[in-house]
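This report refers to the structure that appears directly beneath it.
The values are calculated or read from the model by the stated rules, or taken from the named source; none is laboratory data. Not measured: the values here are computed from a predicted model. So basically every Cβ, Gly included, is an ideal-geometry build from the backbone, and we count neighbours across all protein chains shown. To get the accessible areas, we keep the full protein, side chains included, count just its heavy atoms, and leave off ligands, DNA and RNA. Shrake-Rupley method; radii C 1.70, N 1.55, O 1.52, S 1.80 Å.
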Amino acid sequence: MEWNTLGEIAEINTGQKPTEIFDNATDYDYINAGTTRSGYTASSNCEGDTVTTPYRGQGGICYVGYQKTPFWLGPLCYKLRSTDEALLINKYLFYFLQSESDLLLGLKKEGGVPAVNKSDLAKLEIPIPPLAIQAEIVRILDTFTALTAELTAELSDRQKQYNYYSDLLLTFPKTEA
């Protein structure tokens, strides 16, 4: 298997703050700290099929996100995108970095605000299996992720059902003394 540094196979950039951030849903998510949506914008500055990770902050370092659709990339978040899709599938990069978050954690610089420097991130070595194997890994993990989401929703529904019937069975009318 071939190994390459992230800087050799992917572009690594941060974004900028949009002129206007909305609280209510618009066309595009604003991804800034990388862990959750930071609001919405009327335009995008980054295409979808992109891996994101915060470059600084207390709680987000090492979180790896995947943005399926176009979005607005903020100044506190790295976007990681393959420079050659015949070599590296972006979603494979997402799953690899997500499963190996200790690699990112090892790059963290402490100080006033923890941060990961772009130059250190660019030196991170990534295994690059053949494209067909990357595609199979993505297919399997996408399927597993979907099944996990379905199971989580089903468990939540069953918990609500349990609570409803438990309350119904254990609620007794008060008798007058």
task = Measure off, as a whole percent, the carbon and sulfur share of the 1.4 Å-probe accessible area of the range 16-137, all protein chains present.
result = 48
ask   = Full extension from LEU141 to LYS160: what is 0.36 nm times the residue separation minus their Cα-Cα distance, to one decimal in nm?
value = 4.0 nm
ask   = Can you pull out the trypsin sites (Lys or Arg not before Pro) in the range 40-94 that DSSP calls coil and that have at most 13 other Cβ atoms within 10 Å?
value = LYS68
remark   = Any GluC sites (Glu not before Pro) in the range 145-177 that lie in a DSSP loop and have at most 13 other Cβ atoms within 10 Å would be GLU176
Gaussian network model of the chain, Cα within-10 Å springs - most flexible of ALA149, ALA42, ALA33 = ALA149
request  = May I ask for the distance between the Cα centers of the range 102-140 and the range 38-55, given as a whole number of Å?
outcome  = 18
query = Roughly how tilted is helix 90-99, in degrees to the nearest 10 and between 0 and 90, from the longest Cα axis of the chain?
reply = 70
inquiry  = Helix-only estimate, please: 222 nm mean residue ellipticity of the chain, summing -39500 (n - 2.57) across DSSP H runs of length 4 or more and dividing by its residues, to the nearest 500.
reply    = -11500 deg cm²/dmol
inquiry  = Only Cα pairs within less than 10 Å get springs; with that Gaussian network setup on the chain, which residue of ASP23, ASP84, ASP157 has the largest fluctuation?
reply    = ASP157
ask   = In square angstrom, what is the accessible area per residue of the chain with a 1.4 angstrom probe?
value = 62
message = Can you tell me which of ASN117, ASN24, ASN163 moves the most in a GNM of the chain? Springs connect C-alpha atoms under 10 Å apart.
response = ASN163
ask   = Based on the Cβ-Cβ distance from ASP23 to ASP84, what FRET efficiency comes out when R0 is 45 Å, to the nearest 0.05?
value = 0.70
note = In Å, the Kirkwood estimate of hydrodynamic radius for the chain over Cα pairs equals 18.5
